[in-house]
Every structure is written in structure tokens, then in C-alpha cells.
């Protein structure tokens, strides 16, 4: 099964579909650079954009930095990747081993893990991660963890009530607010 995803920032968009990633640059009138993505484990779906490159999940524990004109770099995380986001000068991988959730920080320019390889422990069973509004947020099924991106200290675990019954980590951070 092949996955798909899209992310955008700073006038660019990164997308992945069917084993190919694309980076579209608004400064070049939308010209798209298409690059192959090595799919491992049956999907290439989680994607975000940081420091001029698309970061794509290409296997259960593998992220790939895809950037026009530069060699592709791969980073293996300590556990199964649930989601990927970029912010505060880092790419953040949300991983799970069993029910335990972890946030792993990567240096987007050097394509390497920063801090503990395993990451920072979060609430259990999280499936989505976003960066913004002064924090890195991870959540699922009404659970939410807030982590300081500088110190990686988890300061709150919120359990907001939801009327939608959403079971995935679908939320966004924009305009200084969590949605």
C-alpha cells in the first residue's frame, strides 16, 4: 500500500504520493521538482518541510530527507514512527513502542538525532504531533501532551473533551492557537 501526504511552509510545499516526492517553490512560479522516495515497509506517508527539504517517512522507523540538488539522507528512529512535524529548528518524530509514545528531535540541516536517541517520553498511545504556539504538541483520543521544544520537558497532559469522537491525532497549531 502506498501512502500520500502534503506539508507546506515558507512559500514551499512538500508532497509525497505513490513513491515520489515533490517540492514546489512559490518563488519559481510553482515549478515542481520531483524526486523518487525509497519506500520501505509499504508506505511513504508522513511528510513535513524544514530547512529547504521534505522529510518523508519511508519505513516503519525510517525518515528520509529529500532535497533537490543534495544527496538524500536517512535517519533511523528508535521505534515505529506515528507522525512527523517541523518547528523550532528541528524535525520531530513521534514514535511508539507498544503503548509508550516518544518525541525524537532531529537536526534538520545535519539529518541527525539531537538528544536522547529514544526521545522524550509523552502520554501513552499518541498518534499525531505538531509544533507551534510555543510548544511541540502530541495527541490522540482526547489526550494531549505539551513539550517545551528547547528543554524537552513535558509540562502538561491535557484531556480535553471532544464532541466529535475523533480517535486519531488530527489537530493543528496556527495563529498561536491549538485547533
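Every number in this text was worked out from the coordinates using simple rules, so none of it is lab data. The structure displayed is predicted, hence computed values, not measured ones. We place every Cβ from the backbone using ideal geometry, glycine too, and count neighbours over all the protein chains shown.
What distance in nm separates the simple spin-label points at residue 100 and residue 155, each placed 7 Å from Cα in the Cβ direction?
Here the modelled spin labels are 2.6 nm apart.
Given 0.36 nm per residue, what is the gain on full extension from residue 107 to residue 78 after removing their alpha carbon distance, in nm? Can you show the working numbers first?
Working: separation 29, 0.36 × 29 = 10.44 nm, distance 1.57 nm.
Separation in residues times 0.36 nm, less the Cα-Cα distance, equals 8.9 nm.
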